[in-house]
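Q: Shown below is the structure under consideration.
The values are calculated or read from the model by the stated rules, or taken from the named source; none is laboratory data. Only a predicted model underlies this, so the values are computations on that prediction, with no experimental measurement involved. Don't worry about glycine lacking a Cβ; one is built from the backbone with ideal geometry, like all the others, and counts go over all protein chains shown.
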Amino acid sequence: MTASAIDTFDVETARRETPGCDNVVHFNNAGASLMPTPVLDSTIAHLKLEARIGGYEAAAEATETIEAVYTAAARLLGCAAGEIAVVDSATRAWDMAFYSIPFRSGDRILTSEAEYGSNFIAYLQLAARHDLEVEVVPNDESGQISVPRLCDLIDERVRLISLTHVPTNCGLVNPAVEVGKIAREAGVLYLLDACQSAGQMPLDVAEIGCDLLSLTGRKYLRGPRGTGLLYVRHDLLDELSPPMLDLHAATWIARDEYRMRPDARRFESWEYNYAAKIGLGTAIDYALGWGLDSIRGRVYALADQLRSRLAELPGVTLRDVGAERCGIVAFTVDGVAPAEVKERLAARGINVSVSRAPSTRVDMENRGIDELVRASVHYYNTEQEIESLCDALVSV
Ligand SMILES: *Cc1c(COP(=O)(O)O)cnc(C)c1O
């Protein structure tokens, strides 16, 4: 299966439509992927239109294209277009969801060891403000969130299960569907940070059973920077109170009265980058065109290949955990700091990144890791590029 997932994918087309492939060996897809030509074209075309006829006038011309961003997102996640808000990052999407939950004193939040730093900072802020308890559900032996332990921790005070699907610092894929079953049985809100999983694997909110989901445009979806999405289950809209509103999210209907929009766009702001939003829509259509199943097949197969090659290199320690592992490959090199590895690879035209403890402090501390190298593969990467990375590491 591994070999066929690599062989059947039309990587030539993928690379031809990715101008950056001519310049760099890009293994920083978990940071920001190389944009494909159609994304670049639609984004630039709108900027040019703004310059030519005016920003408001360009927006009016692009009304249908903008609406199509919501239908594309709805197709990506298996939800309704009215359940989507488009914002400027995954963090902003996640924050709009999290800070809209009407917490009461004594509520408990259950989260995972792999939790993203920004999310955890928000837990700490609201925990102090509302007297909440934040509990980290331990991992099982494989390194994913322990579903039985999560089950044991459920009681009537649990208000939210908040899970990072794929962490920023390694290839772990947390069992989002199993967690969703527990959340639904317990009738507890379930917020999924799908920032790293979106664009590299299929995501269906009905199957996952989450109430809220956030993702970013620039990572595996290959969209422009400054774009993010929030999914909000429709039945939940009136239970949540957006932490801020403006005259797009709500209408000022009388001097002392406003009415919120009836859909998830109440979590958006009036002003945004139209060109980037259009580019995001193109990126989603582009990913759907390849098919998220085929993307996952190739990404997982390439990542497996990279892991087995790295395992053969003396002085390299793999740092991925979990029963299911995706396109993010984490490792350290004996006696060479991750920043040094990154720099030396960059000198050979190979992009990787460094992940440090404050991004995923609970996980890094529990595993005694301060920082690591992250090489994240996408479907447009090749086996030859993996060889180049490993050859370069040998000389590092
Ligand atoms: C990158 C990342 C985020 C933040 O995404 P932004 O678009 O930069 O806000 C959130 N969660 C995880 C797991 C991430 O890797």
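Q: Would segment 250-265 turn up any residue that is closer than 17 Å to residue 214 by Cβ and not in a loop (DSSP other than H, G, I, E, B)?
A: Among the residues of segment 250-265, at least one is closer than 17 Å to residue 214 by Cβ and not in a loop (DSSP other than H, G, I, E, B), which makes the answer yes.
Q: Then there is this: How about segment 112-128: which of its residues are within 12 Å of the ligand (Cβ to nearest atom) and either assigned to a strand (DSSP E or B) or of a type outside the set (Gly, Ala, Ser) (or both)?
A: 112, 115, 116, 119, 120, 121, listed by residue number.
Q: Select from segment 266-283 the residues that are part of a helix (DSSP H, G or I) and closer than 13 Å to residue 88 by Cβ and list them in ascending order.
A: 267, 274, 275, 276, 277, 279, 280 - these are the residues of segment 266-283 that are part of a helix (DSSP H, G or I) and closer than 13 Å to residue 88 by Cβ.
Q: Please determine whether any residue of segment 138-146 is within 25 Å of residue 291 (Cβ to Cβ), in the same structural domain as residue 232 (by TED's automatic domain parsing), assigned to a loop (DSSP other than H, G, I, E, B) and of a type outside the set (A, V, I, L, M).
A: Within segment 138-146, none of the residues are within 25 Å of residue 291 (Cβ to Cβ), in the same structural domain as residue 232 (by TED's automatic domain parsing), assigned to a loop (DSSP other than H, G, I, E, B) and of a type outside the set (A, V, I, L, M).
Q: May I pose another question? Only one of 115, 185 is of a type in the set (D, E, K, R) and surrounded by fewer than 22 Cβ atoms within 10 Å (Cβ to Cβ); which?
A: 185
Q: Do you know which residues across segment 165-223 are in a loop (DSSP other than H, G, I, E, B), under 21 Å from residue 151 (Cα atoms), touching a residue at least 12 places away in the same chain (Cβ under 8 Å) and more than 14 Å from the ligand (Cβ to nearest atom)?
A: 175, 188, 209, 210, 211
Q: With the requirement that a residue be buried (at least 20 other Cβ atoms within 10 Å of the Cβ) and touching a Gly at 6+ places or on another chain (Cβ under 9 Å), what does segment 6-24 give you?
A: Of everything in segment 6-24, just one residue is buried (at least 20 other Cβ atoms within 10 Å of the Cβ) and touching a Gly at 6+ places or on another chain (Cβ under 9 Å), namely 9.
Q: Conditions first: (1) in contact (Cβ under 8 Å) with a residue 40 or more places away in the chain; (2) within 18 Å of residue 11 (Cβ to Cβ). Residue 367 passes all but one, so which condition is the exception?
A: Failed condition: (2).
Q: Still on this structure, please answer the following. State whether one or more residues within segment 101-108 are outside the structural domain of residue 377 (by TED's automatic domain parsing), buried (at least 16 other Cβ atoms within 10 Å of the Cβ) and assigned to a helix (DSSP H, G or I).
A: No: segment 101-108 contains no residue that is outside the structural domain of residue 377 (by TED's automatic domain parsing), buried (at least 16 other Cβ atoms within 10 Å of the Cβ) and assigned to a helix (DSSP H, G or I).
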